[in-house]
Amino acid sequence: MNVLQDLHPQAIRIADMLKQRGEKVAVADGATGGLIGAALLTVPGALKFYVGGGIVYSFKARDVLFDLPRDAYTGMRSATEEYALLQAHAIRDRLGAEWGIAESGSAGSSKHPMGIASGRSVTAVAGPDLERTAVIETGSDDRIENMVAFTRNALSVLEQSLASTA
């Protein structure tokens with residue numbers, strides 16, 4: 001089974017919860033490389049629950065996608081709860097969704113410019129009256145395995161967040 005087929009049942013559960021509420025989600029993929037958004041887009045009729053998003057892989061992409069002043073990040077490092085939460089709020093607000101999810105991490109097999117250890121990822125979800133973050137550390141330098149693990153973690157955090165506010 002390929003990764004998207006494996007993630008599809010969870011994406012359906014997330015989609016069903018969002019559609020039942022009449023709410024939408026916006027996604028800021030980081031070290032997941034677009035897999036969070038791709039997983040959600042496996043659900044037919046995704047326009048009913050998915051606004052859009054982007055892959056935040058450079059400062060330029062971050063600046064364009066979030067439209068936040070550079071000083072909004074003062075004192076922050078990537079792959080931290082504070083950083084991911086800022087991005088979850090920013091993508092939600094920028095795209096006009098009820099929910100925002102952001103992932104920031106280091107997938108590995110190359111040195112992270114900020115010195116983040118390979119295999120570390122932080123997911124943040126910002127929803128109506130809810131903020132949640134979760135850290136995963138795989139201890140691995142396997143880029144592809146980490147990207148998949150980070151995506152699974154992100155979707156789980158989103159699903160748990162939605163379920164806890166149902």
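Readers should treat all values here as calculations from the given coordinates under stated rules, not as data from a laboratory. Nothing here was measured: the structure is a model prediction, and the numbers come from that model. Neighbour counts run over all protein chains shown; Cβ positions are idealised from the backbone, glycine included.
What the table below lists for this structure:
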quantity: Counting DSSP beta bridges with both ends in the chain, the antiparallel % (nearest 5); calculated: 60 percent
quantity: Cβ-defined net charge surrounding Met147, 14 Å radius [Lys, Arg +1; Asp, Glu -1]; calculated: -3
quantity: Ratio of Rg to Rh over the range 3-164 (Cα coordinates, Kirkwood Rh, two decimals); calculated: 0.94
quantity: Residue-count net charge about Gly30 - beta-carbon cut-off 12 Å; Lys, Arg +1, Asp, Glu -1; calculated: 0
quantity: Surrounding net charge for Thr133, when Lys and Arg each add one and Asp and Glu each subtract one, Cβ distance under 11 Å; calculated: -3
quantity: Span-like helix ranges in the chain, DSSP H, alpha carbon extent 18 angstrom or more, Kyte mean at least 0.0; calculated: 143-164
quantity: Separation between Cα centres of the range 4-46 and the range 60-99, rounded to whole Å; calculated: 20 Å
quantity: Selection of trypsin sites (Lys or Arg not before Pro), the range 52-112, meeting DSSP coil and at most 15 other Cβ within 10 Å; calculated: Arg77, Lys111
